[in-house]
Amino acid sequence: MNLVTMAFGYAINVSPIQLLTLYNAIGNNGVMVSPYLVNSIRNNGVIIKQMQPTVLEQQICKPATLEAAKSLRAGYNRRFR
């Protein structure tokens, strides 16, 4: 791994779904859930099967780290709107 390219994200080997799972965990107050695409299966408006998210990690980091990540994300969103 090259430290020069890692600084701007080119040497990190994570899939897009893994990165989205991390961002989702930050938005869920540190609770990491397994990605799922279907909420429920319905037949003529009647729910046949209801899916629930599977919790992978109850807390991904310390609360102070989570708040720092949220403030960084909020600053990034304000800057690039």
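Throughout, read-outs are computed from the coordinates displayed, never taken from laboratory work. Given the structure is predicted, the values throughout are model-derived calculations rather than measurements. We place every Cβ from the backbone using ideal geometry, glycine too, and count neighbours over all the protein chains shown.
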* Structure fact -> Its Cα gyration tensor gives segment 14-79 an equivalent ellipsoid whose semi-axes in whole Å, largest first, are 29, 14, 11
* Structure fact -> For 65-73, 31-39, ranked highest to lowest by mean beta-carbon neighbours within 10 Å, the order is 65-73, 31-39
